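The values are calculated or read from the model by the stated rules, or taken from the named source; none is laboratory data. Being a predicted model, the structure only gives us computed values, none of them experimental. Virtual Cβ from ideal backbone geometry, glycine too; neighbours counted across all protein chains shown.
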Amino acid sequence: MRMKLGRPDLAAYADRFDVPPAAEGFSVTFLGVASLLFDDGDTAVLTDGFFSRPSLLRVALGRLTPDDARINSALARLGLGHGGRRLAAVIPVHTHFDHVMDSATAALRTGAVLAGGHSAANVGRGAGLTDDRIHVVTPHEPMSLGAFTLTFVESEHCPPDRFPGTITDPVVPPARASAYRCGEAWSVLVAHASGRTALVQGSAGYRPGALDGRRADVVYLGIGQLGVQDEDYIRTYWAQTVRAVGARRVVLVHWDDFFRPLDRPLRALPYAGDDLDVTMGVLTRLAHDERVALHLPTLWRREDPWAGLR
């Protein structure tokens, strides 16, 4: 824990919440932390789908279980499940609770497949998903879902990883936060038949050279805990993700306080665990020098991060 009190003021970055809104058709919707809905009107793919967002006290002292009311409310707002359009896949970027805890429930509610590593599969089994609804991915092997092609590349969690290791047995809720070990961490490359390409980097970790030779016009860049790293780490992280794939637009995710429910305005993580001001200072300079557009996403808004890119 750090001694600095308070939290960054998001109003200081109001001009960064300017990802172009989506017209009809293709959109990406930010849902807090690293939850993103990619939707082309025919097929939808969801990363994480973390909607329960239990309080810090519950996470620290209690056992966690998916909040059905919050999950159902979010899915209904998105038009998924219960008579809405079908979700093709839910993809946990790793298996800490703030990513995977609701993934299997979201898949159950919508008919989606849970796609990820062996740790994610054990979360799915613990929640009642049958094996025909679980897809254990093969690294670097493309996975087709409608007009989407997803490729999973092994990555690392940002240090420190408070719950390292893999999940070797089904996690049956209610369970402690420590049961949700990191498992396999992924860089997820999203390609669409329309020519749109994106990288979802859910955690601010990397494997040197892992993304060399890959290409993505847009990066959804996870920055949780990045602000407590030194500047050399932040610069290297940018180089190994954004620069490696030749991105022209970066949208920052995993900066919000995930102990706060989604029916309240988002706020930044407290200084005790992260420092968005440090992160924004370094990334703003890098983006300016390399002529990369840098943004923050707006909760629930259908956005088109490819708009305006030539």
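Take residue 278 and decide whether it is outside any loop (DSSP other than H, G, I, E, B) and surrounded by fewer than 23 Cβ atoms within 10 Å (Cβ to Cβ). Taking the combined requirement at face value, the residue satisfies it.
For residues that are of a type in the set (D, E, K, R) and either assigned to a helix (DSSP H, G or I) or farther than 24 Å from residue 201 by Cα (or both), scanning just the stretch 88-119, find the one that is modelled with the lowest pLDDT.
Looking only at the stretch 88-119, we keep the residues that are of a type in the set (D, E, K, R), and these are 98, 102, 109.
Next, only the ones that are either assigned to a helix (DSSP H, G or I) or farther than 24 Å from residue 201 by Cα (or both) stay: 98, 109.
On the way: 98: 98, 109: 94.
Applying the filter and picking the extreme gives 109.
Can you confirm whether residue 51 is aromatic (Phe, Trp, Tyr), closer than 26 Å to residue 117 by Cα and either without any contact (Cβ under 8 Å) to a residue 40 or more places away in the chain or in a loop (DSSP other than H, G, I, E, B) (or both)? Yes: the conditions hold for residue 51. The single residue among 214, 248 that is in contact with a Leu (Cβ under 7 Å, 6 or more places away or on another chain), surrounded by fewer than 22 Cβ atoms within 10 Å (Cβ to Cβ), under 14 Å from residue 152 (Cα atoms) and modelled with pLDDT of 95 or more turns out to be 214.
Name the residues in the stretch 63-87 that are in a helix (DSSP H, G or I) and out of contact with any strand residue (DSSP E or B) (no Cβ under 9 Å at 6 or more places or on another chain), would you? Please lay out each step first, then the result.
From the stretch 63-87, those in a helix (DSSP H, G or I) are 68-78; that's our starting set.
68, 69, 70, 71, 72, 73, 75, 76, 77, listed by residue number.
If I ask for residues that are under 25 Å from residue 162 (Cα atoms) and of a type outside the set (Gly, Ala, Ser), which ones from the stretch 1-29 would you list? Give the derivation first.
Taking the stretch 1-29 and keeping what is under 25 Å from residue 162 (Cα atoms), we get 1-8.
Listed by number, the residues that qualify are 1, 2, 3, 4, 5, 7, 8.
For the stretch 227-244, the condition of being part of a loop (DSSP other than H, G, I, E, B), at pLDDT 95 or above, small (Gly, Ala, Ser) and surrounded by 23 or more Cβ atoms within 10 Å (Cβ to Cβ) holds for none of the residues.
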